[in-house]
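Q: A single structure is presented below for examination.
The values are calculated or read from the model by the stated rules, or taken from the named source; none is laboratory data. The shown structure was predicted, so the numbers you read here are calculated from the model rather than taken from an experiment. Here the Cβ is made from the backbone with ideal geometry for all residues, glycine too, and neighbour counts use every protein chain on show.
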Amino acid sequence: MSIILEHLTKRYDGHPVVNNVSLEVGDGEFFVLLGSSGSGKTTILSLIAGLTHTDEGRILLHGRDVTYLPTQQRKVGFVFQNFNLLSRTSALENVELPLLYAGVSAQERHRRAREALERVGLGDRIHHHPNQMSGGQQQRVAVARALVMRPRLIVADEPTGNLDSRTSIEIMALFQDLGRSGITLLLVTHEPDIARYASRVVLMRDGRIQADQRQTAMLAQVPPVSAEETPS
Ligand SMILES: Nc1ncnc2c1ncn2[C@@H]1O[C@H](COP(=O)(O)OP(=O)(O)OP(=O)(O)O)[C@@H](O)[C@H]1O
Ligand SMILES: [Mg+2]
């Protein structure tokens, strides 16, 4: 899904935290917003996803003006730093939840949730609870929960923020994989190392775009665990 931002501005207490931002993202791009704390990354993501209302400017998703549409009508999937899973509910039920809200039948919910969990490599753990899973596995469940609604855009806010570097690479490999399947990905991070896995990096500073760079994405390759690193 393509994204167009036209002169987007958002103010808090009269102060612009997103300041006249214009940007075009093509369908299927894997693009990162990189910037230091307070630069406005989360705010831009919230504006695109419809979690925050826009003060000025327009947002077009797939050519449609969504500036004043509620989040449910934007067909955007979310992934957060803290996973936001129900810890004592199985992975399967966590992933089914958005379908439940959407009124999908039990049988169909089950089928689609299982399929989404298989897609993120958790087909053998669908009955595990998040509190029985590693951080990386929990983030995979969260990605499956975003995927289950079949969005054409997934936005992820610091999705590797709570993960060690090895697991972060694993999650970036998963995002790259989703990117290859045609989903547009917008990922927010303050870590340049994470931004290297995307095909485009937009650098934010004080609510403005400071640089916009296409790059050859580094391929995420998860190194094998050596014997010394294996926790005893
Ligand atoms: N709901 C709010 N009310 C008032 N100010 C806010 C609100 N949300 C964000 N801000 C302010 O807007 C600015 C940008 O915040 P934002 O969360 O977008 O930054 P960020 O780039 O995501 O930072 P971080 O890397 O720390 O997550 C900050 O100065 C922040 O204090
Ligand atoms: Mg943020």
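Q: Looking only at the stretch 188-201, count how many residues are part of a strand (DSSP E or B) and either closer than 11 Å to Gly40 by Cβ or within 12 Å of ligand 1 (Cβ to nearest atom) (or both).
A: 2
Q: Another question, then. Has the stretch 171-182 got at least one residue that is modelled with pLDDT under 95 and assigned to a loop (DSSP other than H, G, I, E, B)?
A: yes
Q: Hey, another quick one. Determine if the stretch 210-224 includes at least one residue that is in contact with a strand residue (DSSP E or B) (Cβ under 7 Å, 6 or more places away or on another chain), in a helix (DSSP H, G or I) and of a type in the set (A, V, I, L, M, F, W, C).
A: No - not one qualifying residue is present in the stretch 210-224.
Q: Any residue in the stretch 101-109 that is outside any loop (DSSP other than H, G, I, E, B), at pLDDT below 95 and surrounded by fewer than 18 Cβ atoms within 10 Å (Cβ to Cβ)?
A: Yes, the stretch 101-109 contains at least one residue that is outside any loop (DSSP other than H, G, I, E, B), at pLDDT below 95 and surrounded by fewer than 18 Cβ atoms within 10 Å (Cβ to Cβ).
Q: Separate question: From the set of residues in the stretch 10-33 that are touching a Lys or Arg at 6+ places or on another chain (Cβ under 8 Å) and within 14 Å of ligand 1 (Cβ to nearest atom), which is farthest from Asp212 (Cα to Cα)?
A: Pro16
Q: Just to be sure I understand the filter: pairs with C-beta atoms under 6 Å, separated by 6 or more residues or on different chains, first member in the stretch 199-224 and polar (S, T, N, Q), second member at pLDDT 95 or above. Which pairs pass?
A: Qualifying pairs under 6 Å: Ser199/Phe30; Gln210/Leu203; Gln213/Val201.
Q: Here is a further query. Tally the residues that are within 21 Å of Leu69 (Cα to Cα), away from ligand 2 (no atom under 16 Å from the Cβ) and either in a loop (DSSP other than H, G, I, E, B) or touching a helix residue (DSSP H, G or I) at 6+ places or on another chain (Cβ under 6 Å) (or both), restricting the search to the stretch 27-58.
A: 5
Q: Now for a different question. Going by the conditions given, is Ala113 crowded, with 18+ Cβ neighbours inside 10 Å, more than 16 Å from ligand 2 (Cβ to nearest atom), outside the structural domain of Val201 (by TED's automatic domain parsing) and within 18 Å of Arg150 (Cα to Cα)?
A: So Ala113 fits the description; yes.
Q: Could you list, in sequence order, the residues of the stretch 1-26 that are within 16 Å of ligand 2 (Cβ to nearest atom) and touching a Leu at 6+ places or on another chain (Cβ under 8 Å)?
A: Matches in the stretch 1-26: Lys10, Val18, Val21.
Residue-by-condition table, conditions (1) under 13 Å from Val222 (Cβ atoms); (2) within 16 Å of ligand 2 (Cβ to nearest atom); (3) under 13 Å from the mean Cα position of the chain (by Cα):
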residue	(1), (2), (3)
Pro151	no, no, yes
Ile154	no, no, yes
Pro159	no, yes, yes
Ser165	yes, no, no
Glu170	yes, no, no
Gln176	yes, no, yes
Gly182	no, no, no
Leu185	no, no, yes
Val188	no, yes, yes
